[in-house]
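What follows is a short report on a single structure.
The values are calculated or read from the model by the stated rules, or taken from the named source; none is laboratory data. Model, not experiment: these values are computed from the prediction. Here the Cβ is made from the backbone with ideal geometry for all residues, glycine too, and neighbour counts use every protein chain on show. Accessible surface is based on the protein model in full, side chains and every heavy atom, while ligands, DNA and RNA are left aside. Shrake-Rupley method; radii C 1.70, N 1.55, O 1.52, S 1.80 Å.
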Protein chains: 2
Amino acid sequence: MRISPLIDRLIESLQALPGVGPKTATRTALHLLQYNRPGAVALASALTEAAENVQRCRTCRTLTESEQCAICANPRRDGHLLCVVESPSDIVAIELAGGFSGRYYVLHGRLSPIDGIGPDELGLIDLPTRVRDGGVREVILATNPTVEGEATAHFIKESLRDTGATVTRIAHGVPLGGELEYIDGGTIVHALRGRRTVE
Amino acid sequence: MRISPLIDRLIESLQALPGVGPKTATRTALHLLQYNRPGAVALASALTEAAENVQRCRTCRTLTESEQCAICANPRRDGHLLCVVESPSDIVAIELAGGFSGRYYVLHGRLSPIDGIGPDELGLIDLPTRVRDGGVREVILATNPTVEGEATAHFIKESLRDTGATVTRIAHGVPLGGELEYIDGGTIVHALRGRRTVE
């Protein structure tokens, strides 16, 4: 339904948000205009500022408006441990889980020749230098357990062969609270292969 | 988790959107910055334009940036029928359902003395004049079937007593596809009270 040119344009633009379709966009647009214009104006300014100024951390490639992100700039993080992830949201997930005190390296994707994404786009050319010069002792590969994620992990393992660093892969298996009967076969195969002696 | 001042501010601002909490906001912010900056910039401009220019239709009080909304300006809509709704999104719902060719009047709320919302805030003072001068023959009350919505409908019915217009209320009952055993008692009472002779 057409409401008015400016409201229609707002509804259209809101659909740039992931998971927002025409219905949610309409409800959101009318809600903001009816009840929360200061919120709409603040959101517009936050979007503009972030879109203009946020770039990549020159050390780990995550998103930040500074030269270096807060984690890379924090001297208390363990520089011997480097966790390689596909995207900045993976860092958020790991940080919220707690328990990891090392540093990160963000690929912004995974190897996918069909989409023209090779080692260069993912910063993999610079990774061996980063590992050698940064005194990294262990590189933890936390790419996702998809075909591309596994291929990317394999490529990284090979490219770090001469750096002297240990390369490890995060465990894949039954998630906590998961029940075997509801879990897919691929995960069960991984869980069996990754079995450990009970101590 | 703190990411960077600008990204944190964006995550905070995104929570002005209805139904968006910290988790969705974080995912949305990182998605926009990683994959869709043009979308973020377009959304910022659409928000600013709409927040600055959208006001109320001088005839029906719905949201529009023009003097009159598209429905009020459309000479083919039936001026004898006036449907009173609580909010602009109710117009969207009725228009999408189809079948209504009259005009609207938007209250932007319902009577709620406890929140300081009286007849004046809802444009109810001007409604009798609108009905009389506009040659309205039937006023359909489509406020929601809540305590305040019913009180508002009752107030409007009284205030239109001298206008000569018929005042009707939309039917409340079992929704299409609804099954009696899953429907609340209030709706069933309404459905029984509103029963009609089968022809």
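Counting only residues that are closer than 24 Å to A:Gly164 by Cα and in contact with a helix residue (DSSP H, G or I) (Cβ under 6 Å, 6 or more places away or on another chain), how many does the stretch A:86-102 have?
Total satisfying the criteria: 1.
Search the stretch A:163-189 for residues that are closer than 20 Å to A:Val85 by Cα and pair each with any residue that is of a type in the set (Lys, Arg) and surrounded by 10 or more Cβ atoms within 10 Å (Cβ to Cβ) when their beta-carbon atoms are under 9 Å apart and the residues are at least 6 apart or on different chains.
Cβ pairs passing all conditions: A:Thr163/A:Arg132; A:Ala165/A:Arg132; A:Ala165/A:Arg137; A:Thr166/A:Arg137; A:Val167/A:Lys157; A:Val167/A:Arg161; A:Arg169/A:Lys157.
Just checking, which of A:Val106, A:Val136, A:Val84 is more than 24 Å from B:His31 (Cα to Cα) and either modelled with pLDDT of 95 or more or in contact with a strand residue (DSSP E or B) (Cβ under 9 Å, 6 or more places away or on another chain) (or both)?
Within the list A:Val106, A:Val136, A:Val84, the selection yields A:Val136.
Would you mind listing the helices (runs of 4 or more DSSP H) fully within the stretch A:1-72 where at least 3 residues are surrounded by fewer than 16 Cβ atoms within 10 Å (Cβ to Cβ)?
A:22-35, A:37-53
Considering each of B:Gly98, B:Gly21, B:Gly116, B:Gly109 in turn, give the residue that is within 30 Å of B:Pro145 (Cα to Cα), away from every other protein chain (no Cβ under 12 Å), under 23 Å from the mean Cα position of the chain (by Cα) and not charged (D, E, K, R).
Within the list B:Gly98, B:Gly21, B:Gly116, B:Gly109, the selection yields B:Gly116.
If I go through the stretch B:104-163 residue by residue, how many of them are in contact with a Gly (Cβ under 7 Å, 6 or more places away or on another chain) and either over 27 Å from A:Ile3 (Cβ atoms) or surrounded by fewer than 14 Cβ atoms within 10 Å (Cβ to Cβ) (or both)?
Looking only at that region, the number is 1.
Can you name every residue in the stretch B:73-85 that is outside any loop (DSSP other than H, G, I, E, B), touching a helix residue (DSSP H, G or I) at 6+ places or on another chain (Cβ under 9 Å) and more than 13 Å from every other protein chain (Cβ to nearest Cβ)?
B:Leu82, B:Cys83, B:Val84
Consider only pairs whose beta carbons are under 9 Å apart and that are at least six residues apart or on different chains; among these, list those whose first residue lies in the stretch A:23-48 and is free of Cβ contacts under 8 Å to residues at least 12 places away in the same chain and of a type in the set (D, E, K, R) and whose second residue is in a helix (DSSP H, G or I) and open to solvent by 10 Å² or more (accessible area, probe 1.4 Å).
A:Arg27/B:Ser89; A:Arg27/B:Val92; A:Arg37/B:Ala51; A:Arg37/B:Glu52
Just the residues that are farther than 13 Å from B:Pro145 by Cβ and open to solvent by 70 Å² or more (accessible area, probe 1.4 Å), please, taken from the stretch B:174-199.
B:Leu176, B:Gly177, B:Glu179, B:Leu180, B:Glu181, B:Tyr182, B:Leu192, B:Arg195, B:Arg196, B:Thr197, B:Val198, B:Glu199
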